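A.B. asks: One structure is given below, represented as structure tokens, and several questions about it will come after.
Just so it is clear, none of the values below were taken in a lab; they were calculated from the coordinates. Everything numeric in this text was worked out from a predicted model, so none of it was measured. Quick reminder, even Gly has a Cβ in these numbers, built from the backbone with ideal geometry, and neighbours come from all protein chains shown.
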Amino acid sequence: MEQAVVVVGAGPSGLAISACLTVHNIPHVILEKEDCIASLWKKRTYDRLNLHLAKEFCSLPHKPFPVNSPTFLSKREFIAYLDNYVSSFNIKPNYHRTVELATYDEVGKKWRIRAKNTQSGILEVYVADFLVVASGENSEANIPELPGLNSFGGEVVHSNQYKSGAAYGNKEVLVVGCGNSGMEIAYDLSNYGAHPSIVVRSPVHLGMRLLPYLPVFVVDFIVILMAKVVFGDLSKHGIHRPKKGPFHIKNITGRSPILDVGTVSKIKTKEIKVGGHAKNKNAREGSEKGEEEG
């Protein structure tokens, strides 16, 4: 099967590429290993998730969000937007396709992509001028190696399996990772009456939603200054800030700053405990959550 472009992944990035190619009448195909678009959003996100960026910075090409939609969309609203986006541009991914190999022929100047149809078991070969890999930076779960995890008697759940804290009321829960997901999951657990502790492995930036219309170094300065004013000294609560600004760190390491949804106030009131690193805990009850960030 020969196409001008093969796109791997039907998440937001893959859909955006497809829409742009469609607008310019460029033949292409999307290969998606799951049975739906945006599988991370539809299958592996928690219930209370909202976009952490304003809608103006999250819309896909050629289709802005409706004017009357909220500034920070809920998970459900964003999924509905993506479904509508697919309909608007008549995007039809080839589902159940797992890409096994992609090689570039220097002589023929073509990509050869081998994909397996996981429903039929048939191997398919696609030939294309261009290959776009849009599988996403969070497509695979990262399970940390924790001391004593194999002997732990409680429930172990990765954040991509977590939906809400409803099942964890009055339980001790260790959240491993203090990225945006870890901090928000700890907050959600506390709201449902659980007793969460969160592992903060390294210094983190806690920030608020600010207008991103200034140079990075200016925004970094403002974020650091405002965070000190709003949150105060958090070191006594186990949270330390890096010396460099949050967006400088994002550019260098890829790690995003944490946007507080109410977790800090719960840490200050000790509704959420903070620890420095995961330790061997031979508890027989409670839950332990591995989380990919932090």
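A.B. asks: Along the charge dipole of region 2-133, which of 123, 25, 78 sits closest to the positive end, that is, farthest toward it, with unit charges on the beta carbon of Lys, Arg, Asp and Glu (+1, +1, -1, -1)?
C.D. replies: 78
A.B. asks: If I model a spin label as a point 7 Å beyond the Cα along the Cα-Cβ vector, how far apart are those points for residue 150 and residue 235 in nm?
C.D. replies: That separation, rounded to one decimal, is 4.0 nm.
A.B. asks: For labels at residue 142 and residue 25 in the simple 7 Å Cα→Cβ model, what's the distance in nm?
C.D. replies: Distance between label points: 4.5 nm.
A.B. asks: Same structure, new question: Using r as the Cβ-Cβ distance of residue 100 and residue 42, and R0 as 30 Å, what FRET efficiency do you calculate, to the nearest 0.05? Don't skip to the answer; put the middle values down first.
C.D. replies: On the way: r = 24 Å, r/R0 = 0.81.
E(calc), rounded to 0.05, equals 0.80.
A.B. asks: To continue, here is another question. Taking the Cα centre as origin and putting +1 on Lys and Arg beta-carbons and -1 on Asp and Glu beta-carbons, what dipole magnitude results for region 2-133, to the nearest 20 debye?
C.D. replies: 300
A.B. asks: Go through 188-200, 130-142, 261-273 and give me the packing order, highest mean Cβ count within 10 Å leading. Mind dumping the intermediate values first?
C.D. replies: Working: 188-200: 21.0, 130-142: 14.5, 261-273: 17.0.
Peptide ranking by packing, descending: 188-200, 261-273, 130-142.
A.B. asks: Follow-up. Is there a pair in 244/270; 42/92; 75/163; 42/266; 92/163 whose C-alpha atoms are over 20 Å apart, and which pairs would that be? Don't skip to the answer; put the middle values down first.
C.D. replies: On the way: 244/270 28 Å; 42/92 17 Å; 75/163 12 Å; 42/266 29 Å; 92/163 29 Å.
Listed pairs above 20 Å: 244/270; 42/266; 92/163.
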